[in-house]
Amino acid sequence: MKLTIKDIARLANVSPGTVSKVMNGSGNLRAETKKKVNKIIAETGYHPTFSAKSLATKKSNLIGLIYAGDINAEMNHPVFSDVVNAFKDLIGKLGYDILIFSNNQFRNAEEDYLARSLHFQLDGCLIIAGDQIEEAIEELDQSKVPCVGIDLELEGPNSSYVTTDNRKVSESVVTHLYLNQVREVAFIGGPKDSYISGIRRESFLYHMHSFGMKLMDDWVQYGDYFEDSGYEAMKRILDSETLPEAVYAVSDKMAFGALRALKEHHFVVPDDIKLIGCDDIEACEYSAPALASVRQDKEKMGKLAAQMLHNLINEVAQPHSIKVDPELIIRESCSFN
């Protein structure tokens with residue numbers, strides 16, 4: 001028969017609350033009482049259940065992992081999977097397990113993130129941002145549940161966020177091209193309503209204008225972050241009356257699509273048109289030519305998110321945000337002879 005905390009209390013002739021205090025080392029109890037309770041626990045081999053521990057400590061040591069909105073960022077996503085793996089490694093060392101939420105029911109308004117978090121007594125949540133974030137995320141953000149967003153600027157009373165400095169992403173690309181005498185650059189963005197892509201686009205346009213660089217309307221195209229959309233966007237750019245010297249895509253997968261279109265039209269990269277992607281996924285090193293890209297420090301972002309969430313849970317730090325600097329990695333697709 002599985003013993004409960006009430007059984008231990010009865011055998012030791014004390015209250016269940018006293019047993020809880022002995023197990024958690026809390027309260028001002030007599031040494032004799034502690035010894036008696038510990039003796040019963042040892043003799044019976046009692047181990048408290050998860051719910052008993054949670055009830056006693058007011059903590060579940062569970063973290064909710066939420067892929068929010070129209071994500072384009074499932075668990076095998078080349079960027080967010082690295083962030084989550086780094087988060088998982090550190091949050092595990094800090095004593096937590098992870099519960100992954102599916103957003104299907106939430107998007108159908110059948111349930112909400114806050115209610116589910118309270119049901120499982122989650123200590124906190126990590127929120128991975130997609131596009132068109134559902135309202136249920138805002139409710140969770142504004143609650144008392146500690147939350148950390150990845151590429152999502154949370155503003156709640158107990159929320160923080162970590163993001164790549166996306167303005168610097170585009171700044172680094174335009175500056176590098178400008179310093180190497182490239183003046184005509186095309187842009188392939190994500191969906192027009194994408195928050196992150198929008199930041200990168202605004203920064204691109206700002207620095208192109210600041211440097212007096214040439215940009216035609218037909219050179220600004222949009223995709224959905226995936227390869228086929230980059231392929232179609234590049235074909236539209238190639239239909240322009242004049243062609244750019246370089247193309248900058250806000251995701252590596254779209255850059256790979258653009259590379260495929262350029263090859264089909266018999267353009268040589270980088271001799272005819274140079275190409276730069278973004279995210280620096282592993283495949284960049286193995287494409288032909290190897291793809292230049294803007295690297296996000298995915299491991300650093302994951303570790304920062306874990307430590308920040310742990311600090312929020314334990315009330316040792318105030319909510320704050322951190323922007324991680326990107327790094328432009330030059331490879332063959334943007335080499336200068």
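Computed from the coordinates by the stated procedures, all read-outs in this text should not be read as laboratory data. Everything numeric in this text was worked out from a predicted model, so none of it was measured. All Cβ positions, glycine included, derive from the backbone under ideal geometry; neighbour counts span all protein chains shown.
Could you tell me which residue out of F336, C284, M308 lies farthest along the dipole of the range 258-337 toward its positive end? Charges go on the beta carbon: Lys and Arg +1, Asp and Glu -1, centred on the Cα centre.
M308
How long are the semi-axes of the equivalent ellipsoid of the range 219-258, taking √(5λ) for every eigenvalue λ of the Cα gyration tensor, in whole Å from largest down?
Those come to 17, 10, 7 Å.
Would you work out the charge dipole size for the range 271-337 about its Cα centre, treating the Cβ of every Lys and Arg as +1 and the Cβ of every Asp and Glu as -1, and quote it to the nearest 20 debye?
Charge dipole of the range 271-337: 260 debye, to the nearest 20.
Roughly how many nanometres apart are two label points built 7 Å out from the Cα toward the Cβ at F336 and K59?
Spacing of the two 7 Å Cα→Cβ label points: 5.3 nm.
Please list, in chain and number order, the residues 5+ apart from L328 or on another chain whose amide H is under 5 Å from its amide H, with Hs placed from the backbone.
R295
Given charges of +1 on the Cβ of Lys and Arg and -1 on the Cβ of Asp and Glu, with all other atoms neutral, how large is the dipole of the chain about its Cα centre, in debye to the nearest 20?
2540
Helix 80-93 against the longest principal axis of the chain: what's the angle in degrees, Cα atoms only, rounded to the nearest 10?
Helix 80-93 sits at roughly 30 degrees to that axis.
How do 121-132, 213-224 rank on mean C-beta neighbours within 10 Å, highest first?
Ranking the peptides 121-132, 213-224 by packing returns 121-132, 213-224.
For the chain, what's the relative contact order in percent, using C-alpha pairs closer than 8 Å and at least 6 residues apart?
This gives 17 percent for the chain.
Quick one: work out the % antiparallel among DSSP beta bridges in the chain, nearest 5.
Percentage antiparallel, nearest 5: 10.
Taking amide H positions as placed in the peptide plane 1.01 Å from N, state which residues far from K274 in sequence (5 or more) or on other chains have amide H under 5 Å from it.
A246, V247
For K144, which lysines qualify as cross-link partners when the Cα separation must be under 22 Å and same-chain residues fewer than eight apart are set aside?
Partners within reach: K53, K58, K59.
Would you be so kind as to identify which of I63, N166, H320 lies farthest towards the positive end of the dipole of the chain, taking Lys and Arg as +1 and Asp and Glu as -1 on Cβ and the Cα centre as origin?
About the Cα centre, the residue reaching furthest to the positive side is I63.
Would you grab the residues whose amide H sits under 5 Å from the one on F187? Only those 5+ places off in sequence or on another chain, please, with H modelled 1.01 Å from N.
Under 5 Å from the amide H of F187 lie the amide H atoms of V220, Q221, Y248, each far enough along the sequence or on another chain.
In Å, what Kirkwood hydrodynamic radius results for the range 236-337 from the alpha-carbon pair distances?
15.5
Rounded to the nearest 500, what is the chain's calculated 222 nm mean residue ellipticity when only DSSP H runs of at least 4 contribute -39500 (n - 2.57) each, over all residues?
That calculation yields -12500 deg cm²/dmol at 222 nm.
Subtracting the Cα-Cα distance from 0.36 nm times the residue separation, let me have the gained length for E138 to L99 in nm, one decimal.
Additional length available on full extension: 12.1 nm.
Let me check I have the definition right: for the chain, take the eigenvalues of the Cα gyration tensor, multiply each by 5, take square roots. What are those semi-axes in whole Å, largest first?
53, 18, 17
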